[in-house]
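Here's the structure we're looking at; comments come further down.
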Amino acid sequence: MAGAADRDALAMRRRGLTLALLTLTYFFSYMDRQILAILQELIKHDLQLSDTQLGILAGFAFALFYATLGIPVARLADRFNRKNIITAALAIWSAMTAAGGLALNFGHLLAARIGVGVGEAGSSPPSHSIIADLYPPEKRAGAMGIYSLGVVLGASIGTIVGGTVASFYGWRAAMFAVGVPGLILALAVYFFVIEPRRGLSDPDRVVENDQDTMPGLLAGFASLGRNAPAVHLVIGVTLTSMIGYGLTAWGPSFMQRSLDITVLQIALYVAPIGGICGTISAVGGGKLADRLARTRGLHAQSSMVAVLKLLALPFLAGFYLIGDPVIAVASYFASVLLANSYLGPTFALIQGLAPVRLRALWAAITLLVINLIGLGLGPTLVGIISDALRPQMGEDSLRYAMLIFAAVTPWAIFHYWRAATLLKRHAGTAVR
C-alpha cells in the first residue's frame, strides 16, 4: 500500500513534466503531420502532382490509418502501460517522416505518409488518458489546453523550420529536419514520464480493475452514443477539425498563389505570429474554460467555444475575401486568436463524461471520427474542389474552395451550443 501511495505521489510531483513531454510529443506529431502544407508547392512542381494528389497525401492517406488504428491502440492503452505505447509510436512516425524526404514519386511519398499515420495512431488516446488521470475535472480543461498547444506550435514551428530549410536546401532536407529530432524525444518520454494509476484524480469514481470485464469496442461506441452531450461535442469538434485541417493544409499554398507571399516570408513572418496567436488562444481558452467551470458549471465551457467561434467567423472569411495581403493575414491572425481554444475544453469535457476505464477508448473513438471525416476529408475535399473550380477561377480556385469550407462553421457552432444546453440541463450528472 505504501509503495502504491509513493508512486501516486511521484506521479503527481512529476505531472508538470509529464504534461510538458506529452505536449512536446503532440507538437512533433502535428509538425510531422502538417509539414506537407508549407512544402506542397515545391513538391507539386518537383514530382508533378495535382491538387487532388496533394490533398490525398495531406488528408485521406494519413487519416485512414491514423484514425482506424487509434481504436486498437486505445484498447491496449486501457489495459497496458501507456507511456511505452507513446514512446514506440513517436519513434515510428518520426522515422517515417524522415523517410518521406527520400520519395521519388507519388507512390513513395504516399507510403511514407501512411507510415506516419500508423505511428501517430499511438499518441493521442493514451496521452488523453494519462492527463485525465493526473488532473481533476476542475483543472482538466487547462491541462488539455496546454496539451493542445501541440497543434498550434506544431503547425507554426513546423512551417518556420520547414519553410526556412526548404528555401535554402529543398523540401527533402526539410523532411529530415523535422523527422530526426523526434527519435531523441522518444527516449526522453521513455525515461522521464511516470505512468499514473488509473482514476488517480477521480477518487470518487469507481475504477474497474478486472480486465476481463471491460466492455468491448461496440459497447464503447454504444456508451458514448448514449451520452447526448458527448455526441454533440464529437460532432462539433469533427466539423471544426474538418474545416481546420482543410484550411491549415492549404493555407500556405493559398498565400503563395493568391496573395503572392513567398515560402520564406510565410516561414519568417506569418508562422511565428500565427503561433503566438494560437498559443494565447489555446492557453487562455483553457484557463478561461476552467474558470467558467468553477463559476458557472461545465456547460459554460461548451458555450464559450460556440461564442468564440462565432466571433472568429467574419475574420476567417475576411482572410479569403480581402485582396490586400497585409490586411488579409491580419484578419487570419484575429480568427486564430479567437477560434483556436476549442480543443482543450472539448477533450476535457469528453474525458469527464467518459467512464474511467474507457477514457482512452472514448478518446480514440472521438479521434476516429475527427480524423476520418475531419483530417481525411478536409484537405482532400479542398484539393478536389480547387481542381473542379480551376477552369472557371484559375489560380483563385483555391481561394473559393477554402471559402466554401469556412462557410461550414455555423454547423459546428450549433452542436457546441446544443451540448452546452444538455450539459446545463443535466448539471451534476456529467461527472459521476
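Per the Cα gyration tensor, the stretch 273-349 maps to an equivalent ellipsoid with semi-axes of 27, 12, 8 Å, ordered largest to smallest.
Within the stretch 61-171, the proportion of Cα pairs with more than 25 Å between them is 31 percent. Mean residue ellipticity at 222 nm, helices only, the chain: -26000 deg cm²/dmol; runs of at least 4 DSSP H residues each add -39,500 (n - 2.57), and the sum is divided by the number of residues. Can you give the local net charge around ILE157? Use residues other than it whose beta-carbon is closer than 14 angstrom to its beta-carbon, Lys and Arg +1, Asp and Glu -1. Cβ neighbours under 14 Å give a net charge of 0. Normalised by the number of residues in the chain, the mean separation of alpha-carbon contacts (under 8 Å, six or more apart) gives a relative contact order of 27 percent. For the modelled label position 7 Å from the Cα of LEU76 along Cα-to-Cβ, which residues of the stretch 161-192 have backbone nitrogen atoms closer than 16 Å? Correct set: 190. Peptide packing: for 391-404, 55-68, the average count of neighbouring Cβ atoms within 10 Å per residue gives the ranking 55-68, 391-404, highest mean first. Over the stretch 92-202, Cα pairs under 8 Å with separation of 6+ residues give a relative contact order of 41 percent. When Rg and Dmax are taken over the Cα atoms of the stretch 213-280, they come to 19.2, 59 Å. Across the stretch 363-432, Cα pairs under 8 Å and at least six residues apart give a relative contact order of 19 percent. Can you give the Rg/Rh ratio of the chain, where Rg is from the C-alpha atoms and Rh is the Kirkwood radius? My calculation of the ratio gives 0.96.
Need one number: the % of Cα-Cα pairs in the stretch 217-333 sitting beyond the 23 Å mark.
Values: 3006 of 6786 pairs.
Tail fraction, whole percent: 44.
Mean silhouette area of the stretch 21-121, derived from the convex hull of its C-alpha atoms and averaged over all directions, reads 6.1 nm². Give the lysines reachable from LYS83 as a straight Cα distance under 16 Å; neighbours fewer than 8 places away on the same chain don't count. Answer for LYS83, where 16 Å is the Cα cut-off: none of the lysines qualify. Between SER50 and PHE414, full extension at 0.36 nm per residue minus the direct alpha carbon distance yields a gain of 127.6 nm. Using just the C-alpha positions of the stretch 56-115 as equal point scatterers, what log10 of I(q)/I(0) does the Debye formula give at each q in 0.22, 0.26 1/Å? So the normalised log intensities work out to -0.89, -1.06. Going from the residue with the fewest nearby Cβ atoms within 10 Å to the one with the most, THR23, THR421, THR159, THR18 rank THR421, THR23, THR18, THR159.
FRET efficiency for ASP8 and GLN392, Cβ-Cβ distance as r, R0 = 51 Å, nearest 0.05?
On the way: r = 63 Å, r/R0 = 1.24.
Once rounded, the FRET efficiency stands at 0.20.
Charges were assigned to the Cβ only: +1 to each Lys and Arg, -1 to each Asp and Glu. The resulting dipole of the chain about its Cα centre is roughly 1140 debye. Taken along its principal axes, the alpha carbon cloud of the stretch 285-425 reaches lengths of 52, 30, 22 Å, longest axis first.
Taken together, the values in this text are just the output of simple stated rules run on the coordinates, not laboratory data. The structure displayed is predicted, hence computed values, not measured ones. For neighbour counting, all protein chains shown are included, and Cβ atoms are generated from backbone atoms with ideal geometry for every residue, glycine included.
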